[in-house]
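Below is one structure, written out as structure tokens; the observations come after it.
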Amino acid sequence: MNDLEYERTIEQLGDLREHLRQLEDVDYMTATYKGYSSSGLTLDEITDQMTDINESIHILEEKLENDAEQY
């Protein structure tokens, strides 16, 4: 992975973590209380998104870890 790819991966990882934080701290709590989030997602849809984002985060973290081992 070159420097540009590394920076893009770090940026993407940060964006995913922020999106996950938003889902956990705001949307999940709102959907738990009201039955839906401010964007209209149900609790099941939010938990599905959280699972998908966690998987994507894990993949990117492994990619970064494997890249660090190559150097």
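Scanning region 13-71 for residues that are under 18 Å from MET1 (Cα atoms), β-branched (Val, Ile, Thr) and loosely packed, with under 15 Cβ neighbours inside 10 Å gives a single hit, ILE59.
Only one of the numbered conditions (1) of a type in the set (D, E, K, R); (2) at pLDDT below 95; (3) surrounded by 13 or more Cβ atoms within 10 Å (Cβ to Cβ) is not met by ASP3, and that is (3). Residues of region 1-54 that are in a loop (DSSP other than H, G, I, E, B) and touching a residue at least 40 places away in the same chain (Cβ under 8 Å): MET1 alone. Scanning region 1-42 for residues that are under 18 Å from the mean Cα position of the chain (by Cα) and among the hydrophobic types (A, V, I, L, M, F, W, C) gives ILE10, LEU13, LEU16, LEU20, LEU23, VAL26, MET29, LEU41.
The values are calculated or read from the model by the stated rules, or taken from the named source; none is laboratory data. In this text the structure is predicted, and so the values were computed from the model without any measurement. Neighbour counts are summed over all protein chains in view; Cβ atoms, including those assigned to glycine, are modelled from backbone coordinates with ideal geometry.
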